[in-house]
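Okay, structure first, notes after.
The values are calculated or read from the model by the stated rules, or taken from the named source; none is laboratory data. None of the values given here were measured: they were computed from a predicted structure. Neighbour counts are summed over all protein chains in view; Cβ atoms, including those assigned to glycine, are modelled from backbone coordinates with ideal geometry. Ligands, DNA and RNA are excluded from the accessible area calculation, which covers all protein heavy atoms including side chains. Shrake-Rupley method; radii C 1.70, N 1.55, O 1.52, S 1.80 Å.
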Amino acid sequence: MKRVLVTGTAGFIGFYLARLLLDEGMVVHGYDALTDYYDVTLKERRNQMLLQSPGYSFTHATLEEDGTFERVAAEFSPDIIVHLAGQAGVRYSLENPRAYLDSNLVGTFNVMEAARQLQVAHLLMASTSSVYGANEEMPFKETDKADTPLTFYAATKKANEAMAHSYAHLWQIPTTMFRFFTVYGPWGRPDMALFKFTKGIFEGTPIDIYNHGDMYRDFTYVDDLVRGIRSLMDAVPGGPETAVEEDTLSPAAPYRIVNIGNSDKVRLMDFIEAIEAETGIAAKRNYMDMQKGDVFATWADASLLRNLTGYAPQTDVRDGVAKFVAWYRDYYRI
Ligand SMILES: NC(=O)c1ccc[n+]([C@@H]2O[C@H](COP(=O)([O-])OP(=O)(O)OC[C@H]3O[C@@H](n4cnc5c(N)ncnc54)[C@H](O)[C@@H]3O)[C@@H](O)[C@H]2O)c1
């Protein structure tokens with residue numbers, strides 16, 4: 001049976017991943033500081049659901065505080081670490097860059113140190129499609145250069161990729177970095193578009209539509225995303241014999257980078273129309289200019305994920321939006 005240490009389990013993606021692993025009978029230790037970046041009640045509710053499972057235990061602490069993560073990891077003795085905790089959000093990184101420095105750089109360093117000391121069988125960590133920055137070539141492929149981050153958030157994640165490569169090389173830690181593309185679904189984050197649009201539509205307040213709606217995102221349904229993570233847990237990077245077609249396997253380390261996205265570029269206005277159709281309410285639209293640091297489009301080439309695992313996300317955005325709106329109505333009793 002696998003023992004998996006998952007950081008960020010009170011968060012959106014970590015909650016879903018922990019649930020999936022527990023359903024498979026694995027033993028999971030969750031680690032999360034329940035930061036107040038968004039509604040802490042949502043995080044508490046997610047974590048309480050996980051605590052119902054006898055296979056789940058939990059530590060409430062920050063990653064960057066001295067020695068705590070290393071001690072907890074040593075006590076739990078995981079086979080695998082999946083590191084999803086972090087300061088997320090593109091726009092907030094303009095307001096409070098230091099939060100990204102602490103959580104994403106110092107915090108991730110502590111996770112890597114624990115992985116080194118415990119010689120885990122596989123370390124998997126979250127990066128982001130934001131590292132593609134100003135790239136214009138679409139869809140985004142892992143082998144493309146990604147040297148033009150447009151926000152400090154993207155820069156810290158790009159730094160995580162480089163930090164992890166050095167540790168994978170020096171200490172032979174098999175490491176997989178995920179680049180996630182706009183994840184959405186029930187229990188999703190209040191700072192993200194789907195949540196904000198749905199809230200505005202139900203409350204009758206105008207929703208801010210950046211770049212006058214001329215934007216595209218590769219929206220990835222959260223169940224699909226965590227299924228992708230789960231399948232990559234078994235695709236342990238090693239020597240050249242572990243390489244597949246179109247691989248990013250490093251020649252110098254057991255390390256690879258993998259996109260997890262739907263491979264479907266959705267127009268922002270179509271996304272809004274899907275929410276309107278589901279709620280039965282027309283949105284009040286507040287058209288705005290492009291925001292500083294925002295990118296015009298994201299679109300994943302997900303062939304590497306498919307080559308490695310045989311799996312590819314496929315939930316249609318209308319089905320995913322319907323599930324989110326149903327959850328929102330239920331959660332907020334609308
Ligand atoms: N959701 C997306 O669309 C998306 C896209 C690309 C990348 N990512 C990355 O995936 C990961 C998970 O994202 P999410 O959407 O679940 O975000 P989330 O904010 O819901 O979850 C992150 C969790 O980490 C915890 N956390 C933050 N800083 C911490 C610290 N210093 N110490 C301990 N815990 C801390 C938070 O309390 C939160 O519960 C993040 O690293 C994020 O950057 C997410």
- Query: In the range 248-255, is there at least one residue being part of a helix (DSSP H, G or I) and not hydroxyl-bearing (Ser, Thr, Tyr)?
  - Reply: no
- Would you mention how many residues in the range 174-212 are more than 13 Å from the ligand (Cβ to nearest atom) and at positive phi? 3
- Output the number of residues of the range 131-147 satisfying the condition of being open to solvent by less than 30 Å² (accessible area, probe 1.4 Å) and at negative phi. 5
- Item | the range 70-86 residues that are under 12 Å from HIS29 (Cβ atoms), paired with ones that are at pLDDT below 95 and open to solvent by 10 Å² or more (accessible area, probe 1.4 Å) (beta carbon under 8 Å, 6 or more apart) | ASP79/LYS2; ILE80/LYS2
- Task: Examine the range 172-189 for a residue that is in a helix (DSSP H, G or I), touching a helix residue (DSSP H, G or I) at 6+ places or on another chain (Cβ under 9 Å) and farther than 20 Å from GLY14 by Cα, and state whether such a residue exists.
- Result: no
- Query: Of the residues LEU150, LEU105, LEU118, which single one is surrounded by fewer than 23 Cβ atoms within 10 Å (Cβ to Cβ), within 12 Å of the ligand (Cβ to nearest atom) and at pLDDT 95 or above?
  - Reply: LEU105
- Item | Considering residues of the range 1-32 that are more than 7 Å from the ligand (Cβ to nearest atom) and of a type in the set (D, E, K, R) only, the residue least open to solvent (accessible area, probe 1.4 Å) | LYS2
- Those residues of the range 204-238 which are more than 21 Å from ARG19 (Cβ to Cβ) and out of contact with any Leu (no Cβ under 9 Å at 6 or more places or on another chain), in sequence order: GLY204, THR205, PRO206, ILE207, ASP208, HIS212, ASP218, VAL236
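Yes/no per residue for (1) touching a strand residue (DSSP E or B) at 6+ places or on another chain (Cβ under 8 Å); (2) assigned to a helix (DSSP H, G or I):
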| site | (1), (2) |
| --- | --- |
| THR148 | no, no |
| ALA154 | yes, yes |
| LYS157 | yes, yes |
| THR198 | no, yes |
| ILE201 | yes, yes |
| ASP208 | yes, no |
| ASN211 | no, yes |
- Task: Starting from the range 1-14, take each residue that is at pLDDT below 95 and list its partners that are open to solvent by less than 10 Å² (accessible area, probe 1.4 Å), counting only C-beta distances under 7 angstrom and pairs at least six apart or across chains.
- Result: LYS2/ILE80
- Task: Could you check how many residues of the range 225-247 are in a loop (DSSP other than H, G, I, E, B) and open to solvent by less than 20 Å² (accessible area, probe 1.4 Å)?
- Result: 2
- Pair list, Cβ < 6 Å and 6+ apart or interchain, from the range 40-51 residues that are more than 9 Å from GLY11 (Cα to Cα) to residues that are surrounded by fewer than 20 Cβ atoms within 10 Å (Cβ to Cβ): VAL40/LEU34
- Candidate set from the range 285-334 (those that are open to solvent by less than 20 Å² (accessible area, probe 1.4 Å) and in a strand (DSSP E or B)); member that is nearest to ARG179 (Cα to Cα): ALA300
- Item | Every residue from the range 87-99 that is near the ligand (Cβ under 9 Å from one of its atoms) and either without any contact (Cβ under 8 Å) to a residue 24 or more places away in the chain or crowded, with 24+ Cβ neighbours inside 10 Å (or both) | ALA88
- Item | Meets criteria (over 21 Å from PHE178 (Cα atoms) and among the small types (Gly, Ala, Ser)) for GLY55 | yes
- Taking the range 66-81 as the search range and keeping residues that are surrounded by 13 or more Cβ atoms within 10 Å (Cβ to Cβ) and not hydrophobic (A, V, I, L, M, F, W, C), which one is farthest from the ligand (Cβ to nearest atom)? ASP79
- Message: Restricting to the range 253-280, give me the number of residues that are more than 18 Å from ALA322 (Cα to Cα) and under 23 Å from the mean Cα position of the chain (by Cα).
- Response: 10
- Note on the structure: SER250 vs (1) open to solvent by 30 Å² or more (accessible area, probe 1.4 Å); (2) more than 28 Å from VAL321 (Cβ to Cβ): all pass except (1)
- Test LEU84 against the criterion of being farther than 30 Å from ASP147 by Cβ, within 18 Å of the chain's Cα centre (by Cα) and either within 12 Å of the ligand (Cβ to nearest atom) or charged (D, E, K, R) (or both), and give yes or no. no
